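Visitor: Just dropping this structure here.
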Amino acid sequence: MMSTTVVTLMLLFNLLQDSAGDTEPQETEGLSSLFVQRDISAELKSLSDLVNQQGTTLLELKSELLKMQKENTVLENRLTASENATKNLIKENAERPKVAFSAALTDSGTVGPFSVQTQLVFKKVITNVGKAYNSNTGVFTAPVKGIYYFRFTALGYLHSNAMSVNLHKNQQTLMHIGSYNTHGYHEFISSGLTLELEVGDEIYTSLSATYKLYDNSNNSTTFTGFLLCPL
C-alpha cells in the first residue's frame, strides 16, 4: 500500500515537472511579447510627440516667413516710392529754368559824377546762366515768372565823396542806398531785395546825379541776381 502511494507521488511529481517544463517557456514568451509591445508603444508615442513638435515649429516658421515677406513688401514699396520721388526731383530739376548772373562794374576806376541820374552798366560779366542779363545795357530781363533775389555792392574811397546805388524795376525805383565818405578810405554800401517778377520785367541800377563810385580789377562794385523759384 505504501509502495503504491510512493509510486503515485513520484508519478505526480514527474507530471508536475513536465507540466512546469511545458508552461515556463510559454509564460516567458508572453512576457517578452508584452515588453516588446510596450517598447513599440513608447517609441510610437515619442515619434508622435516629435512630429507634433516639428509641426508646431513648422507653423511658427511659416508664420515668421509670411511676416518677413510682408515686411519685405512694405520695404520694397517704400524703396520704389523713394526711387520714383528721386526720379521726379531729378526730372523737375532738369526741366526747371536756371537763371543767375553776377557782373562787376568796370576796370577804369572812378565812375561819375554825372549831371543827371545815370543807369549803371556792369560790363564785366562773371556769371550769366540763362543769358538774362545784358552787359551792354546793364538790364536784367526776367525770362520766367518767379521769385528772384537781387543784390549789389559798391565802393567809394575819395574824401568828401557821395556814393549811391538805386535799384529799379521797370520804371519804378525800389531802393536808394548811399553814403558820404568823410575819411578818404574805402567805404562800401550793399543791399538787396527779393522780388516777384513777371516775364519781361526789367531790373537795373543807377547812380544818382553828382555821386561817384569806384571799381577796378578787384571787382569791388558788383550787381547780382538769380531765380529762387519759378511760379
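Visitor: Restricting to the range 175-211, name every residue that is within 47 Å of the chain's Cα centre (by Cα), modelled with pLDDT of 85 or more and in a loop (DSSP other than H, G, I, E, B).
Guide: In the first step, residues of the range 175-211 are kept if they are within 47 Å of the chain's Cα centre (by Cα); the result is 175-179, 186-207.
Checking the rest, the ones that are also modelled with pLDDT of 85 or more come to 175-177, 188-207.
Answer for the range 175-211, where residues must be within 47 Å of the chain's Cα centre (by Cα), modelled with pLDDT of 85 or more and in a loop (DSSP other than H, G, I, E, B): GLU198, VAL199, GLY200, ASP201.
Visitor: Regarding the range 153-172, can at least one residue be identified that is crowded, with 16+ Cβ neighbours inside 10 Å and in a loop (DSSP other than H, G, I, E, B)?
Guide: There is at least one residue in the range 153-172 that is crowded, with 16+ Cβ neighbours inside 10 Å and in a loop (DSSP other than H, G, I, E, B).
Visitor: Considering only the range 129-152, state which residues are assigned to a strand (DSSP E or B) and basic (Lys, Arg).
Guide: Answer for the range 129-152, where residues must be assigned to a strand (DSSP E or B) and basic (Lys, Arg): just ARG151.
Visitor: Could I ask something else about it? Quickly run through the range 185-198 and pick out the residues that are open to solvent by 30 Å² or more (accessible area, probe 1.4 Å) and either among the charged types (D, E, K, R) or touching a strand residue (DSSP E or B) at 6+ places or on another chain (Cβ under 9 Å) (or both).
Guide: Applying the first criterion (open to solvent by 30 Å² or more (accessible area, probe 1.4 Å)) to the range 185-198 yields 185-188, 190, 193-194, 196, 198.
Passing the criteria: HIS186, GLU187, PHE188, SER190, LEU193, THR194, GLU196, GLU198.
Visitor: Okay, next question. Give me the pairs, please: first residue somewhere in the range 117-138 and closer than 11 Å to PHE223 by Cβ and in contact (Cβ under 8 Å) with a residue 40 or more places away in the chain, second residue anywhere and open to solvent by 50 Å² or more (accessible area, probe 1.4 Å) and in a strand (DSSP E or B), beta-carbon distance under 6 Å, and either six or more positions apart or on two chains.
Guide: GLY138/GLN119
Visitor: Got a sec? Which of LYS131, LYS123 is closer than 30 Å to ALA154 by Cβ and over 36 Å from the mean Cα position of the chain (by Cα)?
Guide: Numbers: LYS131 fails: over 36 Å from the mean Cα position of the chain (by Cα).
Selected residue: LYS123, the only one of LYS131, LYS123 that is closer than 30 Å to ALA154 by Cβ and over 36 Å from the mean Cα position of the chain (by Cα).
Visitor: Checking SER217 against (1) surrounded by fewer than 16 Cβ atoms within 10 Å (Cβ to Cβ); (2) small (Gly, Ala, Ser); (3) closer than 18 Å to ALA104 by Cα; (4) free of Cβ contacts under 8 Å to residues at least 60 places away in the same chain: exactly one of these is not met. Which one?
Guide: Against the list (1) surrounded by fewer than 16 Cβ atoms within 10 Å (Cβ to Cβ); (2) small (Gly, Ala, Ser); (3) closer than 18 Å to ALA104 by Cα; (4) free of Cβ contacts under 8 Å to residues at least 60 places away in the same chain, SER217 comes up short only on (4).
For every residue, the table says whether it meets (1) open to solvent by 90 Å² or more (accessible area, probe 1.4 Å); (2) under 30 Å from HIS186 (Cβ atoms); (3) out of contact with any Leu (no Cβ under 8 Å at 6 or more places or on another chain); (4) among the hydrophobic types (A, V, I, L, M, F, W, C).
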residue	(1), (2), (3), (4)
GLU60	yes, no, yes, no
ASN77	yes, no, yes, no
ASN84	no, no, yes, no
ASN88	no, no, yes, no
LYS98	yes, no, no, no
ASP107	yes, yes, yes, no
PHE122	no, yes, no, yes
ILE126	yes, yes, yes, yes
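The values are calculated or read from the model by the stated rules, or taken from the named source; none is laboratory data. In this text the structure is predicted, and so the values were computed from the model without any measurement. A quick note on method: Cβ atoms are made from the backbone with ideal geometry, for glycine too, and the neighbour counts reach across all protein chains shown. Side chains included, ligands, DNA and RNA excluded: accessible areas come from the protein's heavy atoms. Shrake-Rupley method; radii C 1.70, N 1.55, O 1.52, S 1.80 Å.
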